[in-house]
Each structure stands twice: as C-alpha cells, then as structure tokens.
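Working notes, beginning with the structure itself.
The values are calculated or read from the model by the stated rules, or taken from the named source; none is laboratory data. Values in this document were obtained by computation on a predicted structure and should not be read as measured data. Ideal geometry is used to build each Cβ from the backbone, glycine not excepted, and the neighbour counts take in all protein chains shown.
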Amino acid sequence: MATSVQKFDDFKLNRQLLNAVEEAGFTEPTPIQKKAIPLATSGHDVIGLAQTGTGKTAAYLLPLLMKIKYAQGDHPRALILAPTRELILQIEENIQLLSKYTDLRFVSIYGGIGPKTQIEDIQKGVDIIIATPGRFLDIYLKSELVTKLLNTLIIDEADKMMDMGFMPQIRRILEVIPTKRQNLLFSATMSPFVKTLCEEFLEFPEIVEVTPEQLTVETVDQVLYEVPNLKSKINFLEYLLQDESFSRVIVFVKTKTTADNVFKYLERKKLGPLRVIHSNKGQNSRINAMNEFKEGKLRILVSTDISARGIDVSMVSHVINFDVPIIYEDYVHRIGRTGRAKNLGSAITFANRAEMYHIKKIEQLIRQAIPIKKIPKQVKIESTPKDENIQIEREIDMFKRKEDPDYKGAFHDKKERPFKPKDKKGNNLKKKRRR
C-alpha cells in the first residue's frame, strides 16, 4: 500500500480532511505518512520511528480524525499524550489545521497554569484530549474526566517521555483507561526504555521506520568547533550572529542560568530581536516567545532542551549548540529544529575538551562523524579561568572513570580511612596490649 501511495487522495480520507490538507499546503505525503496512515486507518497498533520534521504528527492525526469523524457525546474518545506544554500546543495547532471542516472538539491540558479553565472546557464536551501525563492524572483524580469511552491512545515523543521520567504516570494512565483500544506510539529514537514501554502496552504492533534508527535529517549540514571555554563560546557566537545569513536562529544551552546569561549578552550587543525560554519562564511568556519566533518577529530564540521538541518552524536557518547535550538523543532533536519540511538547514556545535567526550557518543548514536572546522582567526580565544579548567578536568575524569572503573585520575576519590576510636579530648586511644 505504502509504495502505491502518491497523493493524499490515495488514503481514502473523507472530503473534509482532504480539503483541509490541500489548504494547509500539503502536496505529497512524507515517507512516514505513506507507511503509517494505511496501517493506522486499518486499526493496527503502530510504532512509528521517524526523525523530527518528517510529518509524523499528521501521520497519526489524519487516521485519528478519520476514525472519530464527528462530535459525539460529552466524553473523550481519544487521548494524545506528549511530554511538554510546547509540544501539546504544537499538536493542538495541527489539529486545528486538519479538523477545520469538522465539528470535532478537542481540549489541551498541561501544567504551568491552573486547571480550572481546562476542566470547564472538558465539561462542555470533548472528543480528543491532548495532555501531559501529570496534568491528565491531576484532572482525572478530581473526577473531572470520564475515560470509559477512550478507544485510541497516542503517545508522541515517547523517548522524551522516558527521559523525563514519565513511566510511572503512563503506567497509572494505562490502568484507568479501557484495555480494548488502538495504540499508536511515535518516537524519533528507540531507546531501551521505549522498548520496555512498547512491550507493556502494545499488542502485535506494526513497526514503521522510514530511516535507519537514530540518524539525523539529511537536509541538515552539521559542523563542530572545539571551543575551549565559556568566554570563547560567547565571542564565537557573537561573531557568527554578525552574519546576516543567520536569519532565524535557535541557540540551545544546557542550563537556565546559561540561557539567561547568553540572552542578556546578545541583547546588550543588539543582535536580536531575541527572546529566551526555559522552565522558569511563565507559560504566557513562553507561548508568546514561540509565536513571535514562528511569525518571524524574532531573529534569535535562546532555549534549554525543554523546548527542543516543541518548536515547529519550517524556516529555521541555523541551530547553534552552545553546549553539548548530555542526553545524546537530545542532539538529534535539537538539530531537527532546522532542515524541516525539505528545507536546508545548518547545525553548529561548540564543544570544550570535556564535551568532546560526549561528541564521540553522539557520533556513535547518529552513525556518522560530525565534521570539525577551525575557529576563524577573527574570533578572540580567551584563556580558561582556573575554576572552569578544574571543572573541565573533573568532567573528563568522571567520563574516563565511567569508561574504565579502574581508572584513577587527578580528582579520584580518596580511600576512606579506617575508624580510630578517640577519647573525650579527641586524641586517638592506644590499643591495650595483651598480657
């Protein structure tokens, strides 16, 4: 079936969906859509493995909307679980686009804001719930959600779910929804935790994999620079952003503190307009920043990994990894923000000596070497401060110790001294001689 599919008409979707697809500008199904949609519309459980930016959201939404067809009753018939608020809003946007000629009702529920409005929306009647696991359980435990009619469960970004520790919540949700249902699971990577999840709740699933597991998008040009320290990274970032071809840029950092510092520096240098998003930012602030970036009002978005999978913008020119992610799958998701929808993109990574150890693991994961380039001479390379250098050495020691348990580096732990009894004044007690 998948090989014979050339256009959306071949999926035998109803006219309302086809009209919405045409108006959305979707001209040809992507490989994941060609393979997953026929299986899902036939009622199979499906595991979809695809890189970000390959159209997997529509690959599960179109069969779902075809299955539900029209508004019915007051209680939800489908549940879509996703790990972050940003991704929930992205899915909601896609549903709005594809269901515009239907009367289907959907409600997004997520944390960061009070549940009152979300509960009121559910009480008006709903067909599809889009939820983070924690907020779904919160509202269910308030007896504000009836689950007995749920006949479809979709888990999106399953690998990120596992990375964020959602397994207990998902197991709890599986206990309170009907066992007789269709299950669809989509993920960019197939980690051991995702495999465990699949074994627990999928029945004889069809596996759809459009590219070899863990590979990055071919339309993304990747490059790596060895940058020795934080100040040098800042200098290099400023140098790159002076180039006008960096028209829509996401700068990914490891921590909220670094995100704020990078934002303040770039703002001071007037390289924006720009915004920063991380978990300490309010919900409205994050939504507004995302919308402004999508609309082209921002040149730069500084973000931690929490937003790596909730940014769906087709014309991101560059992704800059200011820090190397320590969860290696996040590298795939970060650079997947560019090169979307068959557009070309560029991913630039800065790495100090400690981070180069993580690069080796990332290269194993994506099954390719990341080309290394020399830093341009115009970039000022600062000397590494003593404290930062010690931290780098500690990280290298820790990494080597993980690789080789017998390794003892400059910062290895001292052996614990044997206990010696002391008197009230703190002096060591002498052992009594045996007569």
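Scanning the stretch 352-386 for residues that are hydroxyl-bearing (Ser, Thr, Tyr) and in a loop (DSSP other than H, G, I, E, B), which turns out nearest to residue 254 (Cα to Cα)? The extreme case among them is 384.
Yes/no matrix, rows are residues, columns are (1) β-branched (Val, Ile, Thr); (2) out of contact with any strand residue (DSSP E or B) (no Cβ under 9 Å at 6 or more places or on another chain):
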site: 105; (1), (2): no, no
site: 115; (1), (2): no, no
site: 120; (1), (2): no, yes
site: 133; (1), (2): no, no
site: 136; (1), (2): no, no
site: 146; (1), (2): yes, yes
site: 149; (1), (2): no, yes
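Looking at the stretch 115-131 only, could you name the residues that are in a helix (DSSP H, G or I) and in contact with a Ser or Thr (Cβ under 9 Å, 6 or more places away or on another chain)? Once the filter is applied, which keeps residues that are in a helix (DSSP H, G or I) and in contact with a Ser or Thr (Cβ under 9 Å, 6 or more places away or on another chain), the stretch 115-131 yields 118, 121. Residues of the stretch 90-113 that are outside any loop (DSSP other than H, G, I, E, B) and closer than 18 Å to residue 166 by Cβ: 90, 91, 108, 109.
Among residues of the stretch 155-204 being outside any strand (DSSP E or B), of a type outside the set (D, E, K, R) and over 24 Å from residue 333 (Cβ atoms), the one that is nearest to the chain's Cα centre (by Cα) is 174. Against the definition (more than 23 Å from residue 88 (Cα to Cα) and either at pLDDT 80 or above or in contact with a strand residue (DSSP E or B) (Cβ under 7 Å, 6 or more places away or on another chain) (or both)), how does residue 373 come out, yes or no? Answer is yes for this residue.
All of 43, 25 fail the test of being modelled with pLDDT of 85 or more, assigned by TED's automatic domain parsing to the domain that holds residue 192 and at positive phi, apart from 43.
Selection within the stretch 290-301: residues that are over 21 Å from residue 238 (Cβ atoms) and touching a Leu at 6+ places or on another chain (Cβ under 9 Å). The member of this set that is modelled with the highest pLDDT is 292. Restricting attention to the stretch 345-394, the residues that are under 30 Å from residue 50 (Cα atoms) and in contact (Cβ under 8 Å) with a residue 60 or more places away in the chain add up to 17. Checking the structure you have, find out if any residue of the stretch 70-79 is assigned to a loop (DSSP other than H, G, I, E, B), crowded, with 24+ Cβ neighbours inside 10 Å and of a type outside the set (A, V, I, L, M). For the stretch 70-79, residues assigned to a loop (DSSP other than H, G, I, E, B), crowded, with 24+ Cβ neighbours inside 10 Å and of a type outside the set (A, V, I, L, M): present.
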